[in-house]
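What follows is one structure encoded as structure tokens, with my remarks underneath.
The values are calculated or read from the model by the stated rules, or taken from the named source; none is laboratory data. Computed from a prediction, not measured in an experiment: that's the story for all the values here. FYI the Cβ positions are ideal-geometry reconstructions off the backbone, even for glycines, and counts take in every protein chain you see.
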């Protein structure tokens, strides 16, 4: 905890002046990391007016003494948070806002999440998703009280329950279920056929079937303007070279991890910007690859827009796109992120429940 | 030993002692009939009497009370609070209030100052350490010295036939110090802010000096005491063009909105002052407010008749002080008001405005000054 700051404010013969000045001049630095920043803006706008408390949002870390961490801190923003905190002059304080800052909230157990309390010493947490402006102003009030009295207090006293009495089923105390809970997994189908009134699609499919003879396993209409082409991995390059004459870009590259079938499904969603009839049509070209040897030919030769998307998929799933020159490098993820974080067999951080005396 | 030489030294010492004697101070004393009994009582005390006589000696009064240090500090505390409060009221907020509910939070700037005072002063690795720490303190020389030349009624620190020229020359030194501060900071934002400050300095300084010269031509003198005496009609009516130029360049010089280009906290994070923290930031942040105070005083002397006004017999010499203060505060309030109602111009827009329009109008004001001098017979 940042008790150094409080100790400094309470030491020496000038302590009353120090405490008084700091109490009425808590200036938060602008460090809006997530959506709770909206509530911060609300708390300082005309409805609630946080400036009544002498607190003024200020641009620069060097001239402020309070960080309000607004919500989720990712691995990349954790560095920014630390640098900002280090730039601020002592005495300085930290308030963490929102459920994401507490335990991850919406992004609980995400591979990119960092708890702010691991990065900087935190004085107050405000729970809520998002906390109301009243709650934020209450935290600033509490911080003022902490500065004066020297000790942090909860603003709410919870009622205490005897846990042994609410356990009505038997002697065993109730335990929360383990977070490692596998549900029965249904087979994953990417091309579920659907009857739609789409005459252009039927004509297009007939054309595609004659065009791509012998290269595909199946072509189905999955919805209006949506076509799925299943293929073998080895035929994908030949397929793409033919499809690229008709469709000029890749909208999305996607990987589906199916651990219980020991395979990945790699999807290319391709479409056209140049032919007017084909503009709304999205063709899903997909193939299965084995999970222990996830290699797939890169289609960035035919569609350059696939390049970055393939790199991203390598980052998240570890599928090696043969022919893409940037394989084996980190693209979007922070350097300290666990390897291939979206694979379903990644080990999660286990939650430990224990009773606190 | 030469006896004559010794007696000469003796005379010199006597003269020096007479200069420091209470009698000498009392000859040139600020008279305030309202609290005269209290002053008489204090003067009769052994040591306090000497101090009171010293403070009430007119040059010392100008240095310490008005327009010098005391009023400057009070004005700084007031105007920073007032600006926050005014902005808040315009945005339908209350502004700082909880610190002292009874008085609308008027001591907010004092609390901020206290906080600054006890915060760590960070000198970053890239800064030129001696200059980084010296310039914010040295800048008080060009800030405080012009105050001594400004006459408040009969109270004036230094009388000189060139007082206006000296004051303007000293004020022109302030941006040089700001550029030096930015240079010593040695960071990217400070660099951009410094360049902007330098650009703005050249842009506003020439119309500003031309406006002052036009007033010198109009009154036929550069002595501010004489200028105030000659203003039976306030200068703003004699030469409204020069008044307009002076006001606009004051807005530029104190980097108020819409010309808050060198500091621009949303763009370049307070420009030259970005690396300062703690009490050093408190010092550099107040520079523009101090400059605003001096220029407001100068403007009320040149255009609004300085300490002229209905004489209040009870206040004695303070009557002029009161009028000058009221006029200067009115100008400062107006300048604060600009901050919350205008958006910021771009640097090139501001430069075009001042090098084109302001330069032309300021040449016009020179001509008006000469014509008005002849027409009203103000003489040389």
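So which residues in region A:11-28 are surrounded by 15 or more Cβ atoms within 10 Å (Cβ to Cβ) and either farther than 23 Å from residue B:97 by Cβ or under 24 Å from the mean Cα position of the chain (by Cα) (or both)? Step through it out loud before you land on a result.
Let us first name the residues in region A:11-28 that are surrounded by 15 or more Cβ atoms within 10 Å (Cβ to Cβ), namely A:17-28.
Across region A:11-28, there are no qualifying residues.
In this structure, does residue B:190 turn out to be within 14 Å of another protein chain (Cβ to nearest Cβ), on the phi > 0 side of the Ramachandran plot, crowded, with 18+ Cβ neighbours inside 10 Å and touching a helix residue (DSSP H, G or I) at 6+ places or on another chain (Cβ under 8 Å)? Outline the logic, then answer.
Numbers: within 14 Å of another protein chain (Cβ to nearest Cβ): yes; on the phi > 0 side of the Ramachandran plot: no; crowded, with 18+ Cβ neighbours inside 10 Å: yes; touching a helix residue (DSSP H, G or I) at 6+ places or on another chain (Cβ under 8 Å): yes.
Considered against the rule, which asks whether it is within 14 Å of another protein chain (Cβ to nearest Cβ), on the phi > 0 side of the Ramachandran plot, crowded, with 18+ Cβ neighbours inside 10 Å and touching a helix residue (DSSP H, G or I) at 6+ places or on another chain (Cβ under 8 Å), residue B:190 comes out as no.
Looking only at region A:105-125, filter to residues that are under 17 Å from residue A:3 (Cβ atoms) and assigned to a loop (DSSP other than H, G, I, E, B); which one of those is farthest from the chain's Cα centre (by Cα)? Selected residue: A:123. Take region A:85-109 and flag every residue that is surrounded by fewer than 20 Cβ atoms within 10 Å (Cβ to Cβ) and touching a residue at least 40 places away in the same chain (Cβ under 8 Å). Listed by number, the residues that qualify are A:90, A:109. Restricting attention to region B:114-147, the residues being surrounded by 20 or more Cβ atoms within 10 Å (Cβ to Cβ) and either closer than 30 Å to residue A:13 by Cβ or in contact (Cβ under 8 Å) with a residue 60 or more places away in the chain (or both) number 11. Candidates B:209, B:261: the one that is outside any helix (DSSP H, G or I), within 20 Å of residue B:353 (Cβ to Cβ), assigned by TED's automatic domain parsing to the domain that holds residue B:369 and touching a helix residue (DSSP H, G or I) at 6+ places or on another chain (Cβ under 8 Å) is B:261.
The numbered conditions (1) under 30 Å from residue A:332 (Cβ atoms); (2) modelled with pLDDT under 85 are all true for residue A:122 except (2). Scanning region B:154-175 for residues that are in contact (Cβ under 8 Å) with a residue 12 or more places away in the chain and either surrounded by 20 or more Cβ atoms within 10 Å (Cβ to Cβ) or not in a loop (DSSP other than H, G, I, E, B) (or both) yields a count of 15. Looking across B:6, B:56, B:20, B:63, one residue alone is closer than 30 Å to residue B:298 by Cα and more than 21 Å from the chain's Cα centre (by Cα). It is B:56.
Being touching a residue at least 60 places away in the same chain (Cβ under 8 Å), more than 26 Å from the chain's Cα centre (by Cα) and outside any loop (DSSP other than H, G, I, E, B) is the filter here; which residues of region B:75-97 pass it?
Once the filter is applied, which keeps residues that are touching a residue at least 60 places away in the same chain (Cβ under 8 Å), more than 26 Å from the chain's Cα centre (by Cα) and outside any loop (DSSP other than H, G, I, E, B), region B:75-97 yields only B:90.
Part of a helix (DSSP H, G or I) and crowded, with 19+ Cβ neighbours inside 10 Å - does that describe any residue in region B:302-314?
Our first condition is that a residue be part of a helix (DSSP H, G or I); within region B:302-314, this holds for B:302-303, B:313-314.
Subsequent filtering for residues that are crowded, with 19+ Cβ neighbours inside 10 Å retains B:302-303.
Within region B:302-314 (the criterion being part of a helix (DSSP H, G or I) and crowded, with 19+ Cβ neighbours inside 10 Å), the answer is yes, since at least one residue qualifies.
For region A:309-339, a residue qualifies if it is assigned to a loop (DSSP other than H, G, I, E, B) and closer than 18 Å to residue A:264 by Cα, and the qualifying residues are A:318, A:319, A:327, A:339. Could you run through region A:205-234 and say how many residues are at negative phi and in contact with a strand residue (DSSP E or B) (Cβ under 7 Å, 6 or more places away or on another chain)? Counting residues in region A:205-234 that are at negative phi and in contact with a strand residue (DSSP E or B) (Cβ under 7 Å, 6 or more places away or on another chain) gives 19.
Looking at region A:175-191, which of its residues are under 28 Å from residue A:288 (Cα atoms) and either surrounded by 10 or more Cβ atoms within 10 Å (Cβ to Cβ) or modelled with pLDDT of 90 or more (or both)? Don't jump to the end; show me each part of the working.
Filtering region A:175-191 down to residues under 28 Å from residue A:288 (Cα atoms) leaves A:180-191.
Residues satisfying the conditions are A:185, A:188, A:189, A:190, A:191.
Residue B:58 meets all of the listed conditions (1) farther than 30 Å from residue A:25 by Cβ; (2) touching a helix residue (DSSP H, G or I) at 6+ places or on another chain (Cβ under 7 Å); (3) touching a residue at least 40 places away in the same chain (Cβ under 8 Å) but one, namely (2).
Filter region B:74-96 down to the residues that are within 15 Å of residue A:47 (Cα to Cα) and buried (at least 19 other Cβ atoms within 10 Å of the Cβ) and list them by number. Hits for region B:74-96 are B:88, B:93, B:95, B:96. Where helices (runs of 4 or more DSSP H) sit wholly within region B:98-153, those with at least 3 residues that are away from chain A (no Cβ under 14 Å) and within 17 Å of the chain's Cα centre (by Cα) occupy B:140-144. In the set (1) at pLDDT below 90; (2) in the same structural domain as residue A:228 (by TED's automatic domain parsing); (3) in contact with a helix residue (DSSP H, G or I) (Cβ under 7 Å, 6 or more places away or on another chain), residue A:285 fails one condition alone, (1).
The lone criterion from (1) facing another protein chain (nearest Cβ under 9 Å); (2) part of a helix (DSSP H, G or I); (3) in contact with a strand residue (DSSP E or B) (Cβ under 7 Å, 6 or more places away or on another chain) left unmet by residue A:51 is number (3).
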